[in-house]
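The values are calculated or read from the model by the stated rules, or taken from the named source; none is laboratory data. This is a predicted model, so every value here is computed, not measured. Methodologically, a virtual Cβ is constructed for each residue, glycine included, from the backbone with ideal geometry; neighbour enumeration extends over all protein chains shown. Keep in mind that these areas ignore ligands, DNA and RNA; they rest on the heavy atoms of the full protein, side chains included. Shrake-Rupley method; radii C 1.70, N 1.55, O 1.52, S 1.80 Å.
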Amino acid sequence: QVRLVESGGGLVQAGGSLRLSCAASGRTDGDNAVGWFRQAPGKEREFVAAIRWRSNSPYYGAPGMGRFTITIDYAKNTVYLRMGSLKPEDTAVYYCAAGAAEILWNMREYNDWGQGTQVTVSS
């Protein structure tokens, strides 16, 4: 079982940046995918970004395309999501997840989830 601890959420003005962190422990080779998802009140959870651990290959969904960057610090076993040019519509709870996902945007293929961190973007 992967344990995921998220941090970095908070309040930021539109146009600003935030970097979210997801510290992972207990990951095995079977947990090759780490992803970020978000959910705003009254809306479905949506895919934001994911990365393959072994190949260090990122994949991005539409919401943050061109604005967000996902990276891995292997020494710290931590996945980062840098969010730039933030918009009020980016306001949501952001979750990191890990698992053996083959389809990176499919949240049902992730086994373990963090508790979520709130991101609020003001105008």
| On the accessible surface of the chain, probed at 1.4 Å, how many percent belong to carbon and sulfur atoms? | 46
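How high is the FRET efficiency from residue 25 to residue 46, r the C-beta distance, R0 25 Å, rounded to 0.05?
Using R0 = 25 Å, I get an efficiency of 0.45.
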| said: Less than 11 Å from a label point 7 Å out along the Cα-to-Cβ axis of residue 56: which backbone N atoms in segment 20-37 qualify, by residue? | reply: none
| Values of log10 I(q)/I(0), in the order q = 0.13, 0.23 Å⁻¹, for the chain under a Debye, Cα-only, solvent-free model | -0.44, -1.40
| query | Ignoring ligands, DNA and RNA, what accessible area per residue does the chain give at 1.4 Å, in Å²? | reply | 52
| field | Options 93, 35, 119, ranked by Cα towards positive dipole end of the chain, top entry (Cβ charges) | value | 119
| field | Difference of contour (0.36 nm per residue) and Cα-Cα distance, residue 3 to residue 106 | value | 35.1 nm
